[in-house]
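> Quick one: this structure, given as structure tokens, is what I'll be asking you about.
The values are calculated or read from the model by the stated rules, or taken from the named source; none is laboratory data. Note that this is a predicted model, so its numbers are computed, not measured. Neighbour counts are summed over all protein chains in view; Cβ atoms, including those assigned to glycine, are modelled from backbone coordinates with ideal geometry. Side chains included, ligands, DNA and RNA excluded: accessible areas come from the protein's heavy atoms. Shrake-Rupley method; radii C 1.70, N 1.55, O 1.52, S 1.80 Å.
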Amino acid sequence: MERIIFNEDHHAFRASAKEYCDRSLVPRMEQFLEEKTIDRAAWLEAGKQGFLGLDVPEEYGGSSVGDYRFNAVFAEEVSKVSASLSSCFGIHYDCSAPYLVDLGTEEQKQRWLPRFCSGELVAAIGMTEPSGGSDLAALKTTAKKTDGGWILNGSKTFITNGDMADLTITAARTDPAKGAKGITLFAVEAGMDGFARGRKLDKVGQTESGTSELFFEDVFVPDENVLGEVDRGFIHMMERLAQERVGAAVSNIAHATQILAETIEYVKQRKAFGQPVGSFQYNKFLVAELVTKAEVTQAYVDNAIVAHDEDRLSAVDAAKVKWWSAQVQNEILDACVQLHGGYGYMNEYRVARAWRDARVTKIWAGSNEIMKELIGRDLGL
């Protein structure tokens, strides 16, 4: 079905985003896979094209479009190339930007945002810890006040862009007695004494994403690197999780829809018993179901995009669209692997890599189980 949420400006922007992907990402995918990261040149080119500052005011080097649909368009085009690349760019321009723009002081914005928009500064978010993922309120990294700043100790894990981030928005406990109300956000910069990156994690999928551990050993973070209000970090995070979750949903369905389209072409060409495998009734019906499921989910995600753009997407509705899109994405890609037969299990085929890449979407940005828990609570259960 025709999507109706975009206008001519969005279509023109999509053409530019696709051109960037075709020129700067697609030809270098094997390099990214081998190096297990996106190199700085790809970031700089994205910055040059204006893709990294969509939520950043013009005076700080961004485009300040004020329309979340542009964020969604860029996420969709990158997701068609690789779910892994979409997660890396998304953490930067879609997830980190609101923290810096909304919470940053004037001095912080002047210091970081121009390089953030140009791709010279890559951002990451340090929330998840080895002792707990979705339970953000239980984090153990600490920050103790000292003259002129804070001393951070602890560790983070599963940090997207952690291998190369120049600025990591880090959550730390500043008042253990207050529980969730005693957490503060700090902008930890690469090169600070005591701040170290661990190994690149050996993941099942999303190989191109430089996912790392981070370690903080008596790291002095000056007061001018506190982001937002002291002891209100948990609230700051909760206020911005809706955008992270709708962004995840956008990428999930775009990724699945692209691989499904490629699979349809495959089953038209691949023959067994003298006829295309897509012409067998079971496969034909299966593909019909997958296409319908994808279009229904796309309509749901589009509704969430518009709701978020109009500032009326609730945390519960964001949870719904996040878990549902991740579930459908995985169901579609699992079926696509099956339709490819043995070739679907070969890493040289995009469908195999896409299937592996997608599995984490039911875990990150709040596991699907946590999303359902939030929904259930809202229902009074």
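> Compute the long axis of helix 106-118 from its Cα atoms, compare it with the longest principal axis of the Cα atoms of the chain, and write down the angle in degrees, 0 to 90, nearest 10.
30 degrees
> Another question about this same structure. Using only the heavy atoms of the protein chains and a 1.4 Å probe, how would 280, 216 rank by accessible area, largest first?
Putting 280, 216 in descending order of accessible area: 280, 216.
> If you don't mind, another one. Can you flag which of 181/372; 140/181; 203/293; 144/181 are past 18 Å Cα-Cα?
Where the Cα-Cα span goes over 18 Å, the pairs concerned are 181/372; 203/293.
> Further, regarding this structure: What is the log10 of I(q)/I(0) for region 103-211, computed with the Debye formula using one identical point scatterer on each Cα and no solvent, at q = 0.11, 0.12, 0.15, 0.24 Å⁻¹?
The computed values of log10 I(q)/I(0) come out as -0.38, -0.45, -0.71, -1.43.
> Compute the Cα gyration tensor for region 78-139, then decide on rounded, prolate or oblate, letting a ≥ b ≥ c be the square roots of its eigenvalues: rounded whenever a/c is under 1.5, prolate when a/b is larger than b/c in the other cases, and oblate in all that remain.
Judged from the Cα gyration tensor, region 78-139 comes out oblate (a/c at least 1.5, b/c at or above a/b).
> Shape verdict for region 195-267, please, from the Cα gyration tensor: rounded (a/c under 1.5), prolate (a/b greater than b/c) or oblate.
Cα axes put region 195-267 in the oblate bin.
> If you don't mind, another one. What accessible surface, in Å², does a 1.4 Å probe find on residue 199, ignoring ligands, DNA and RNA and rounding to the nearest 10?
Rounded to the nearest 10, the figure is 140 Å².
> Distance in nm between label sites at residue 285 and residue 270, each 7 Å beyond Cα in the beta-carbon direction?
2.0 nm
> Now a separate question. Would you kindly state the longest site-free stretch of the chain, with sites defined as GluC sites (Glu not before Pro) in a DSSP loop (not H, G, I, E, B) surrounded by at most 12 other Cβ atoms within 10 Å?
No qualifying site falls inside 3-228, the longest such stretch.
> Pick from 341, 62, 126 the residue whose mean-square fluctuation is largest in a GNM of the chain, springs joining Cα atoms under 10 Å.
341
> Checking the cross-link filter: which lysines have an alpha carbon closer than 16 Å to that of residue 200, excluding same-chain neighbours under 8 positions apart?
Residue 200 reaches 36, 156.
> Classify region 8-121 as rounded, prolate or oblate, taking a ≥ b ≥ c as the square roots of the eigenvalues of its Cα gyration tensor: rounded when a/c is under 1.5, otherwise prolate if a/b is larger than b/c and oblate if not.
Oblate.
> Given the options 145, 18, 200, which has the most mean-square fluctuation in a GNM of the chain, springs set between C-alpha atoms less than 10 angstrom apart?
So, out of 145, 18, 200, the one fluctuating most is 145.
> Of the residues 12, 307, 72, which exhibits the maximal mean-square fluctuation in a Gaussian network model of the chain defined by a 10 Å Cα contact cut-off?
Between 12, 307, 72, it is 12 that shows the largest mean-square fluctuation.
> With a 1.4 Å probe and every protein chain left in place, work out the accessible area per residue of region 240-349 in Å², rounded to a whole number.
Accessible area per residue: 48 Å².
> Quick check: pseudo-label points 7 Å beyond the Cα along Cα→Cβ at residue 147 and residue 4, how many nm apart are they?
Rounded to a tenth, the inter-label distance reads 6.6 nm.
> Compute the acute angle (0 to 90°) between the alpha-carbon long axis of helix 315-340 and the principal axis of greatest extent of the alpha-carbon atoms of the chain; round to the nearest 10°.
Between the helix axis and the principal axis of the chain, the angle is about 40 degrees.
> How much length would be gained if the chain were fully extended between residue 203 and residue 372, taking 0.36 nm per residue of separation minus their Cα-Cα distance, in nm to one decimal?
Between residue 203 and residue 372, full extension yields 58.3 nm more.
> Next up: Got the relative contact order for the chain handy, in percent, Cα pairs under 8 Å and 6 or more residues apart?
Worked out over the chain, it gives 16 percent.
> Using label points projected 7 Å from each Cα along Cα→Cβ, tell me how many nm separate residue 19 and residue 58, to one decimal.
Distance between the two pseudo-spin positions: 2.1 nm.
> What ratio of Cα Rg to 2.2 N^0.38 Å holds for region 235-378?
1.16
> How much of residue 4 can a 1.4 Å solvent probe reach, expressed as accessible area in Å² and rounded to 10?
Rounded to the nearest 10, that gives 140 Å².
> To continue, here is another question. With +1 on each Lys and Arg Cβ and -1 on each Asp and Glu Cβ, how big is the dipole of the chain about its Cα centre, in debye rounded to the nearest 20?
That gives a dipole near 1300 debye.
> Where does helix 233-269 land angle-wise versus the long Cα axis of the chain, in degrees 0 to 90, nearest 10?
Taking Cα atoms only, the helix is inclined about 20 degrees.
> With a Förster radius of 45 Å, plug the Cβ-Cβ distance of residue 262 and residue 110 into 1/(1 + (r/R0)^6) and report the FRET value to the nearest 0.05.
Working from the Cβ atoms, E equals 0.50.
> Pop out the Kirkwood hydrodynamic radius of the chain from its pairwise C-alpha distances, inverse of mean 1/r, in Å to one decimal.
Radius from the Kirkwood sum: 21.4 Å.
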